[in-house]
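Please read the structure below before turning to the comments.
Nothing in this text is a laboratory measurement; each read-out follows from the coordinates by a stated rule. None of these values were measured; they are calculated from a predicted model. Glycine gets a Cβ as well: all are built from the backbone with ideal geometry, and neighbour counts include every protein chain shown.
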Amino acid sequence: MRSDQSSARNVRRRHLDVIEAVLSAVRDGELGPGDRLPSDRELSERLGVSRLTAREGILALELAGLIDVRPGAGAFIRIQWPGMGGVLTLPAESERSPRELIEARIALEPAIARLCAAHASEGQVEELRAVIARAEAEAGPDGDLRAFVQLGLGFHTELAARCGNQFLATFCRSLVSVTEHPLWVLLNQHAVRPPEARRGQVEEHRRIVEAIAARDAEAAARAMTAHLQGLEAAVFGT
């Protein structure tokens, strides 16, 4: 296993090892509801990562609502995992899968934004603005992080539904599904934990919609590409 590097990029990527190890242990029955996780020291020794990286992974799991951290007692698997129906499905190569997912979205969603500029009605544009406004209400320090992430993914679903092509809309809906891609949702949630990251995402969504409202297909596509590439960088540190 690789040794830790000091760069922020590598710390950000290595916490995926911690997340994958915990989720795989649940999937394989090694950990169950109510079980205590190994400490950050134990995780760092087992996985060959720093304690800082282990804590980053534990924090991501806590923010996603998958574990409870009890001061003085440790971290424990929650009885019910929110947003996943209590059932976890993981791909065999969980780091590669989110990377391939964002690559697919970068290839697909600019085309969807371009089509929306041609097909979305004024009423549909207003509906998209309303989705952004609901997300903006959760973007501050006191906002609900999980609600913000679901609203963000919902924005992409709603956008696709207004592109005038049901094949693309259905494909996009599967790419942003909470139940089909739980690890991506967890990583996404960790990436937008800082309120400034949430506010930035709101503004990026708003730029996409305003380009659509102006019927500027190329600007809408560019705004979508920039948004998704920024999300990729935030999640993977690239």
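Odds and ends about this structure:
- Projecting the Cα atoms of 168, 200, 135 onto the charge dipole of the chain (Cβ charges, centred on the Cα centre) puts 200 farthest toward the positive pole.
- Isotropically averaged projected area of the chain, using the convex hull of Cα atoms (one quarter of hull area), nm²: 12.9
- Between residue 118 and residue 197, the contour length at 0.36 nm per residue exceeds the alpha carbon distance by 25.5 nm.
- Cβ-based charge dipole, the chain, positive-most Cα from 34, 191, 151: 191
- Around residue 223: net Lys/Arg minus Asp/Glu count, Cβ-Cβ under 12 Å: -2
- Cα Rg, Dmax, segment 8-77, angstrom units: 11.2, 33
- About its Cα centre, segment 93-238 has a charge dipole of approximately 100 debye under the convention of +1 per Lys or Arg Cβ and -1 per Asp or Glu Cβ, with nothing else charged.
- Of the GluC sites (Glu not before Pro) in segment 146-222, those whose Cβ has at most 16 other Cβ within 10 Å and which sit in DSSP loop: 180
- Ranked 167, 76, 148, criterion: other C-beta atoms within 10 Å, fewest first: 167, 76, 148
- Summing charges over neighbours of residue 105, with a neighbour being any other residue whose Cβ is under 14 Å away from its Cβ, gives -4 when K and R count +1 and D and E count -1.
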